[in-house]
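Read-outs throughout are calculated quantities, based only on the coordinates presented, and are distinct from any laboratory measurement. Predicted, not measured: the structure shown is a model, and the values here were computed from it. Cβ sites come from the backbone with ideal geometry, for glycine too, and all protein chains shown count toward neighbours.
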Amino acid sequence: MNSDLFVIPFNLGLYFILIYSVVRSVAWFRSLSRPDKLRLQRGFFGRPFMDSLREIFMESLLHRKIFRKNPVLGYMHMSLAFGWFLLIVFGTIEADFFGEKHLNPPSHAIFFRWFNPEHGAEGLARIYNVWMDFLLAFILSGLLLAVIKRFTPRMMGMKKTTRHTWTDRLALTSLWLIFPSRLLAESFTCGAHGSGSFLTGNLGSALASFLPAAEIAPWFWWLYSISLGTFFFMLPISRYFHIPVELFLIFMRNSGITTGDRHSSYTEVQTHACSSCGVCISVCQMSYAAGINDIQSAYFIKGLRNDRDISAITANCLMCGRCEEVCPVGIELGPMRLIERRQGERADRTLSLPERYSVMRKRSVTEKVPTQSYGYLVREEPEKAEVLFFAGCMTHLTPSVIAAMKRIMESAGVKYRFMDEKGGVCCGRPLMLAGRDREARELINHNSDIIWKSGAKILVTSCPICYKVFRESYYLEATVMHHSEFINLLIEEGSLRLGYLHRKVVYHDPCELGRGSGIYEEPRAVISYVAELLEASQERSMSLCCGGSLGNLTLASGKKAMIAADAARILTMSSPDELITACPLCKKTFVQATKTKVSDIAELVAAALPAPSKRVARRRSARATVRANDAG
Amino acid sequence: MKTVPKHVLVAGGGVAGMEAAGALAEMGYRVTLVEKGDDPGGHLLQWHALFPDRRPADEVRSYLRKRAGHHNINIITRTTVEKVRHHPGGVRVILSGGTEEEADAVIVATGFDLFDAHRKEEYGYGIYDNVITSVDLEAMFNRGRLEKADGTVPSRIGLIHCVGSRDEKVNNNHCSKVCCVTAVKQAIEIRQMLPSCEVFCFYMDMRMYGPYYEELYRESQEVHNVNFIRGKVSEASVNINNRLVIKVEDTLAGRPLKMELDIMVLMVGMEMAESGAKLAEASGFRQGINRFLESGDHHYGNNLSGIKGVFYAGTCTAPMNITDTISHARAAVAETVRYLKA
Amino acid sequence: MMSATGANKFGFAINRSRMIDYDSSDRKVREYITSREPSFRLCFACGGCTATCTAGQHTSFNLRRMNTYIRRGEIEPLREEVTRCMLCGKCLLVCPRGVNTRNVVAVAAEAIRKLERNEL
């Protein structure tokens, strides 16, 4: 009888996963678009390759990002990933160095103790053994934390932990069994042969003192091998597939590949690279402020991976971008959701394939009928202007923002045209957020036409939603500025004379302006110029969503109010005189949610303008009326 | 043997408080009337004439003043009631500034606050000169001059119903009951003052529930030529001629409508008074989802607070007109006397 | 004047359009929308959405009227109507009843598509 038969499950698993990885990688590579293929090829022989290696070391092994966010969780991931990596590396060296011959098959390194039971009695090997035992102990300490996390997530500082499918459970069980079974297998062997270091040696002799160690040892070697084999077999169909896929993702990303606007092998790689770590769940306001716990990015990605109908999940998201900000794998969650929204309804999985095909065919006929169409829009002939001011739809419901902008621009002597004074056409961003890019294009074309014809050098908007789409999806000659940037410019060039307001204010970064467009400093510079700016506990890239986001199509108004109330509470913790924002939608939402005065940044600046006395103003408006009446 | 008269403290010196205090004093009770303002009288002090008969508000004011002037009533002004607490000997009342009063019973008549029109930013109150509230209009009637901010005479005025009422966006889902008829009354008054000025009422529903209200509505059309448009105004702006422009849907015509106005009057609704809400919170009174005080029973215990010796009177429980407020105050007095005699 | 027989030649279309025949109306669209966007039921037809509507300034899109049509089971006028909204969301900020107006339009369009595919 060959007692080495136990290596078979491990070998099968290992060769399976290696072949699978190669096949899958080739398939992904082949289905990349041509430019992306070139990017990846070029990336392989340049700097991106080194960047990727460094990133793999820092993130995939050391888990630096998770570490920063939550040290205990970081340690858990690091001990498992980095520890296992070291165990394999040093195990291979050990087998190569101390083994009978060089270039052993992997099983000889993994099951080294079985093949060399007496090894490590003295000298260098003895010291090496301490090191190998230390690595095993290091991994086991992480495993212990993982077990604790699974059963009591709160102890790890996690609000929620992700839910598992049966494949995940089987993979998880086999993963959990790998290291304890190795510990016991090595210990029993060491116990039987009187070898081993501080961990395996001591445990081994303790076990051997009352158990027939030599007889028991093979059972645990079998368990160890089966656990490894099972884990490798389960890998592609469980969440642990993320481990190898993430490496692939890192190479792709560093080569300059981005998500784009349709599904590709890059989105597929991102889908599989998600480790379901649940960090996105803990930062989601929908979860902790509105009690909605089934739509977070981890579930979205999981649904995508498993090809489920996730249209409800896809739609029910604020698109605030907080999860993307913290995702340790760096998955572009926002663009991924937008792609899914563009997809519309997915094929009904309950139908048979021919049925599905006939539905698709029927659909392709009716899909040709446009869902939205704006053929009714009439081309406009705008007047020429240096500066074009586009308030935006929402801003028309916050007339104090418009009034403030008018006063500021008049005070600075800006010659501007008010593009949508009598109401304009929507910028297109809300349609894009709903996944209707083609329809949005119609509106973009309409507005672009007006902006080009006006000959404007600067396009100023008061709405961050418009701002983002103007910047990203319009092809314009004009420089697009949010009014906070524009006011900052006016202050810097000295065309605004402003007083100092003795007010303490806190600033709320609107999602589309902050995370969405990276505008953090200009609003703060403007505010600090006219008032005392207090810090908020959650700001800049981790600022909160007001809840009123147009990114969410389905969220009920009551839930929005819950998010708004929670965000307003956190923002006003320092009891500011005013809560300042830079978005009409945020303003409208917060006004309803807090007793603190809510103002737009433009209003704050307008308040710092030297005020014309009331009498002058009244006389001026009387004169205007007389003039108007004369004209009439 | 002469007994010491029992002592009742009335929190709030508006219509309900004055009527309750007067009625109790008349029956020989010793009454302390606590008013947060300089004088008792409440919101009625700001009013020129009353619906539905447009009698001068002064007539009701002088009735109430006489009522509250009874020698059994001690009026404390510029003071609010912070907290009330029942104990076996009566009710302990804590007033602003920390003074304590001992009473045998308390009537809560903290009334309402008018909706702050600044909160409906899209209507431009505080932004555009010629956007005023129904209270501002009443002040104009008091001055006897109805003009635009620049002193010119308006030729078209719009009255916007339901400002701060029936509006989820300002957290008020309730109807304030009195604004519809107030609008009709004010529309008639405008037409009488300025016969050449057009008047438009923008309403969602005309709630003419009281006696002679429907008749007033009819009169406004028949005699005064007031116009009614069914639709909620969404926003106002100012055009190049410095005239207000409002956007509304004429829901009966089924088309959006744009109209220039010289003056836009916001018919501000009623909200639970801030001072009353604080008292409620400190004393453990129940507040309904509309934040008004929740009485023991909506039908037959409308004045009962659920706390022994504490009774509710007037608009602290729900929006109501003066007639109903006075009746409600009298009912509170009846409940109080029944409690004190038991 | 057009003769009565002339009108009858075109079937009873004219008679039908004169009157909302509630009993023979198609309630599937209404039920579909109500189940997916329950706040649809809250509309009290104030017209605030239509007054503020960005698209409504350029075309005859009328959300308040559309809601009424859906409630009455009048599907025909809906087909055109749903395509005109720009989903800008201004109406959301105006609605005094907190109706999720944007989603009503989106779901109505979905309902129409499904109706055409006989999937409703």
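Before moving on, here are some points about what is shown:
- Estimated 222 nm signal from helices in chain B, with DSSP H stretches of n ≥ 4 weighted -39500 (n - 2.57), rounded to 500: -8000 deg cm²/dmol
- Relative contact order [Cα under 8 Å, 6+ residues apart], chain A, whole percent: 11 percent
- Exposure rule at most 12 other beta-carbon atoms within 10 Å, DSSP loop trypsin sites (Lys or Arg not before Pro): chain B longest free segment: B:146-285
- Taking Cα centre as origin and charging only the Cβ of basic (Lys, Arg, +1) and acidic (Asp, Glu, -1) residues, the dipole magnitude of region B:127-263 rounds to 160 debye.
- FRET efficiency, 1/(1 + (r/R0)^6) with R0 51 Å, evaluated for B:Glu260 and A:Phe44 via beta carbons: 0.15
- Simple Cβ-charge dipole of region A:204-311, Lys/Arg +1 and Asp/Glu -1, about Cα centre, in debye nearest 20: 120 debye
- Based on DSSP H segments of at least four residues, each scored -39500 (n - 2.57), chain A has a per-residue ellipticity at 222 nm of -18000 deg cm²/dmol.
- Mean Cβ neighbour count within 10 Å, used as a protection proxy, ranking B:106-113, A:304-311 highest first: B:106-113, A:304-311
- Reducing region A:278-305 and region A:182-229 to their Cα centroids gives an inter-centroid distance of 43 Å.
- Candidates C:Arg18, C:Arg65, C:Arg102, ranked by Gaussian network fluctuation over chain C, Cα under 10 Å, top entry: C:Arg18
- Magnitude of the charge dipole, the protein assembly as shown, Cβ model with Lys/Arg +1 and Asp/Glu -1, debye to 20: 1220 debye
- Selection of GluC sites (Glu not before Pro), region A:471-521, meeting DSSP coil and at most 14 other Cβ within 10 Å: A:Glu477, A:Glu493
- Residue among C:His58, C:Met86, C:Thr34 farthest towards the positive dipole end of region C:25-116, charges placed on Cβ: C:Thr34
- Farthest positive-ward along the protein assembly as shown dipole, Cα basis, beta-carbon charges - from A:Pro464, C:Val107, B:Tyr209: B:Tyr209
- Base-10 log of normalised Debye intensity for chain A (one unit scatterer per alpha-carbon) at q = 0.05, 0.11 Å⁻¹: -0.33, -1.12
- Anchor B:Lys278: aspartates and glutamates whose Cα lies under 16 Å away (excluding residues fewer than 8 positions away in-chain): B:Glu35, B:Glu82, B:Asp113, B:Glu294
- Pairs spanning more than 22 Å between alpha-carbon atoms, out of B:Lys308/B:Lys341; A:Lys597/B:Lys247; C:Lys28/C:Lys114; A:Lys384/A:Lys588; A:Lys453/A:Lys587: A:Lys597/B:Lys247; A:Lys384/A:Lys588; A:Lys453/A:Lys587.
- Distance between region B:267-306 and region B:185-226 - C-alpha centres, whole angstrom: 32 Å
- Between region B:159-182 and region A:31-100, the alpha-carbon center distance in angstrom: 63 Å
- Of B:Gly231, B:Ser196, B:Gln186, farthest towards positive along the dipole that unit charges on Lys, Arg, Asp, Glu beta carbons give region B:117-269: B:Gly231
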